Every structure is written in C-alpha cells, then in structure tokens.
Amino acid sequence: MRAAGVTEFGGPEALHLVDVPEVHAGPGEVRVAVRAAAVNPTDTNSRSGFYVSPGVPPEMPWIPGMDLAGVVDEVGPDTDGRLAVGDRVMAVVLPTGSHGAYREQVVLPAASVVPVPAGADDAAASSLPMNGLTARLALDRMALRPGDVLAVTGAAGSFGGYVVQLAKAEGLTVVADASEADTALVRSLGADVVLPRGEGFAAAVRERYPDGVAGLADGSVQGAQVLPAVRDGGVVTTVRGYRGEDAPAELARGLRVVPVFVRDYGTNTAALDRLREQAEAGVVTLRVADVLPAAEAAEAHRRLEAGGVRGRLVLSF
Ligand SMILES: NC(=O)c1ccc[n+]([C@@H]2O[C@H](COP(=O)([O-])OP(=O)(O)OC[C@H]3O[C@@H](n4cnc5c(N)ncnc54)[C@H](OP(=O)(O)O)[C@@H]3O)[C@@H](O)[C@H]2O)c1
C-alpha cells in the first residue's frame, strides 16, 4: 500500500512514496480508503523529526498528515453503527509515531470519522477536520459571550479563518489581522474590523479598543507580541504550546494564556459532525489552494514552507 513519508527526517526532499503494510480495522475502528490528505504546517515539523520522543527510536517509514477524506472500506466490530462501507467520510488523524494521513489506507477510531459535507469534493472535505476542530476547541476554551470582542491573528490562514467564521456565527465581534493583499479575504470571512498584520497588531487593537479585547486566538504564533491586545483578566489561546512564560507582566494582569491541542477533540464526533453541518450551511468555507498527486508531497511541503499559501494544499491518492 502506498504512502508518502520519510525514511530519514529532513527537508521537503526527504518525502517520497513508500510501501507500507495493509492495515485492518479493529474494535471501534474503521478503515478508510484515502482519496485526499490535507497538508498542514505541523506536517513539516513531523517530516523534520520534531515530534520524535527522546530515547524512542522512530518507526520508519514515518508518515505525516492529520486530516483526510475518503471512503469507508472496512468497519471493525463494536463501532457505534453510524458508518458503513462505501460512505464518503472525512476524519482527523492523531499521529502516533509513524501513523499519519498521507496514505492510501488508514485505520482510525470510528469516533474520529464523520460523513463529508454534502456537496464538498474530497479535497475540500479533507481540509476541514484538523483546523476546524482546533478552532472549535479554541473558542470552547475561551468561552466568550455574544457581543464580546475576539481578536484573531493569522486570520487568512486555515485555523484563523475558521476561528473568524465560527466566532461570527456565535455572535462575537471579530477584529482580525491581514496583509493588504489578504484584507478582502479576511473581510469576506466575516471579520468586523481588519487591522494590519504583524508586530503592530496589538497596538492597533488597543487604539481601536482602549481597554483591550476579551479574547485572542493567536493563529500566527506571535506569542508575547500580541498579548497586550487583550484586556486585564482576558484569555488568549495559542497553538504551539505557548503559555506566556516569557511575559510575566502580562500574566500579572490576570491574562490566561491557554495552549490548545487538537488531540483533545480527536474523538469528539459531535464537534466534527457539527463542523460538517456548518460547512453545509456555509458558516465555514472550505478553501483549497491546490491538489497535487501524493508522489508530489515534497513539492507541496516546499510550497507550504515558502509561506503565502491561502487555502490548503491537498495530496490526492
Ligand atoms: N495545537 C494544535 O492542535 C494545532 C492545530 C492546528 C494548527 N496548529 C498550528 O496553528 C498554526 C496555524 O495553522 P494554519 O494551518 O492556520 O496555518 P496557515 O494556514 O499557514 O496560517 C497561518 C497564517 O499566519 C500568517 N503568519 C505567519 N507568520 C506571521 C506573522 N509573523 N505575522 C502575521 N501573520 C503571520 C501566515 O501568513 P504567510 O502565509 O504569509 O506566512 C498565514 O496567513 C500553525 O502553527 C499550526 O501548526 C496547531
């Protein structure tokens, strides 16, 4: 069975097609014949060896990838009965060691798998689960109230874009960052106020909201740079484990800096299925930059690492 992975960690060129053994669904699991696997920023870290546990020899080949769409082709015993062979589905894949989404066949907990949004093709459907769930998780952790102001950085990106759209659907006021080139895109996602991205974002937010905003989702991973945008006692969600450790003065203002990890929603079927409904209702927009054959995974990683990709790059199998 074909997969796109590495046999030695390295740059994009380390990715190539590899042969991996066929897999079968066990209890509570389904097997999906993968048609599309989205290429996310975290996959480039995975490919580079960043996620290898110290002292544990990595299992090779190592296959990146955290979300996908395809067709159920095997249902194991003791699943909840929602899924049947032949169903078109999308799923979040929590990588454990060498197990990732860039493969023709994948076995997953049935709870991580839901039907694709009606009308979405495989590439579009594959782009939703991982970042959609992370955006959902960030909003749930912040627990803001309708009318509260939420700032979003990296708003043109996948995570940030979903945060903007889901927050608007919940009645929050959204102030988002964008480059000049991305301003129309970020406005089209529903942001109420768009301010220039980069170092000056927090100051620009404070100019507009002198007391600071209630919450901030930091999709651009700017860390301490953006904390001053948030009011005393407000909340910031971060996506790379940042807890405000280098900003004691901000924490002393009562800021809660909360790292979110999609694994906490990895088997949250209800949350994933709600995202499906929201995609069908047009609440969230599925954005695909390009679809490349799996054999061109290295090229997809090169393009992602160069920056400026809008919408997800997707590998087809
Ligand atoms: N913890 C988790 O479970 C989890 C889950 C999902 C995502 N993530 C992380 O969340 C982050 C965002 O993911 P994504 O898929 O949304 O990435 P993305 O689509 O590449 O979006 C990131 C956005 O931030 C922009 N950006 C980068 N550096 C910036 C800076 N210094 N100032 C302003 N904007 C900047 C990017 O612009 P350019 O393209 O122009 O650089 C892009 O628009 C990644 O680090 C990802 O690994 C974590």
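Amide H contacts for Leu292 (H built 1.01 Å from N in the peptide plane; partners 5 or more residues away or on another chain; cut-off under 5 Å): Val314, Leu315, Ser316. Electrostatic tally near Leu15: other residues with Cβ closer than 11 Å to its Cβ, Lys and Arg +1, Asp and Glu -1, net -3. Projecting the Cα positions of Val163, Ala297, Val34 onto the charge dipole of the chain (unit charges on Cβ atoms of Lys, Arg, Asp and Glu, taken about the Cα centre) puts Val163 furthest along the positive direction. For the stretch 201-208, 3J(HN,Hα) computed residue by residue from phi via the Karplus equation (6.51, -1.76, 1.60; θ = phi - 60°) reads 4, 4, 5, 5, 5, 5, 5, 7 Hz, glycine and proline entered as x. Each residue of the stretch 54-65 was assigned a 3J(HN,Hα) from its phi angle through the Karplus curve 6.51 cos²θ - 1.76 cosθ + 1.60 (θ = phi - 60°); the sequence is x, x, 10, x, x, 7, 10, x, 9, 10, x, x Hz, with glycine and proline shown as x. Each DSSP beta bridge with both residues in the chain is either parallel or antiparallel, and the antiparallel ones are about 55%. Between the Cα long axis of helix 129-142 and the first principal axis of the chain there is an angle of about 40°, rounded to the nearest 10.
Computed from Cα positions, the angle between helix 297-306 and the longest principal axis of the chain comes to roughly 10 degrees.
Projection of the Cα convex hull of the stretch 1-113, averaged over all directions and equal to a quarter of that hull's surface, yields 6.7 nm². Here is the list for the stretch 43-131: GluC sites (Glu not before Pro) lying in DSSP coil, each with at most 12 other C-beta atoms within 10 angstrom of its C-beta, are Glu59.
Accessible area per residue for the stretch 202-317, computed on protein heavy atoms with a 1.4 Å probe, is 46 Å². Can you work out the FRET efficiency for the pair Ala181 and Val23, with r the C-beta to C-beta distance and R0 = 45 Å, to the nearest 0.05? The formula returns an efficiency of 0.60 here.
The values are calculated or read from the model by the stated rules, or taken from the named source; none is laboratory data. What you see is a predicted model; the values in this text were computed from it and never measured. Cβ coordinates were reconstructed from backbone atoms using ideal geometry, including for glycine residues, and neighbour counts include every protein chain displayed. These accessible areas exclude ligands, DNA and RNA; they are computed on the full protein's heavy atoms, side chains included. Shrake-Rupley method; radii C 1.70, N 1.55, O 1.52, S 1.80 Å.
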